[in-house]
Amino acid sequence: MKNVARHTVVLFALILLCVAGAAHSAVDMKEGEWESSTEMSMTMGAMSMPPMTGKSTYCLTREDPVPKSERDKDCKIVKQTVTGNKISWRMECKKGEGEGEITYRGTTYNGFFKMKMVEDGQTMTMNTKLAGKYLGPCPKGRK
C-alpha cells in the first residue's frame, strides 16, 4: 500500500510539472529583443512627482518573460504565475517589494509594475505602466 501511495505522489508530481511546462510554453510571445516603454509616477508621503517616461530594450524568452533592469539586480522574483498569455510576478528587494503583470499578444505586451520602497524611514511608491513591442532576434551574445 505504501508503494502505491508513493507511486501516486510521484505520478501526480510529474503531471504537475508537465502541465506547468505546457502552460509556460503556451504564452503567445515572440522570443527575442523587445523594446519596453514605461511611464512611471512616484509618490513619497504627500509629495508626488510628475510622470516620467523611458524606453529600454531586453532579450525576453518564454523562460524569462519579465523585463528586468540593472537597478533590479538587488531584487529577486519570488513568485511568478503564468495564466494563458498573462505573466504575474512578485519581487522582493533589499529596500522594498513589488508586483507586476504583463499580458502578451504575439509581438506586443501591456502591463504594470507597482513597487514600494523604504528609504530613510520614508515610504516611496512607484506605479509604472508597461508597453512592449518585439524588435527582432536578440543581438549575438545577448540573452
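State which residue is farthest from Y104 (Cα to Cα) when the search covers only region 28-57 and only residues that are among the small types (G, A, S) and under 20 Å from the mean Cα position of the chain (by Cα).
S41
Can you tell me which residue within region 96-113, out of those that are surrounded by 14 or more Cβ atoms within 10 Å (Cβ to Cβ) and among the charged types (D, E, K, R), is farthest from M42 (Cα to Cα)?
Restricting to residues being surrounded by 14 or more Cβ atoms within 10 Å (Cβ to Cβ) and among the charged types (D, E, K, R), the top hit is E101.
Just for region 122-143: of the residues that are open to solvent by less than 70 Å² (accessible area, probe 1.4 Å) and in a loop (DSSP other than H, G, I, E, B), which one is nearest to E39 (Cα to Cα)?
Here the residue is C138.
The values are calculated or read from the model by the stated rules, or taken from the named source; none is laboratory data. Computed from a prediction, not measured in an experiment: that's the story for all the values here. Cβ atoms come from the backbone with ideal geometry, glycine included; neighbour counts cover every protein chain shown. Note: accessible area is taken over every heavy atom of the protein model, side chains too, but ligands, DNA and RNA are not part of it. Shrake-Rupley method; radii C 1.70, N 1.55, O 1.52, S 1.80 Å.
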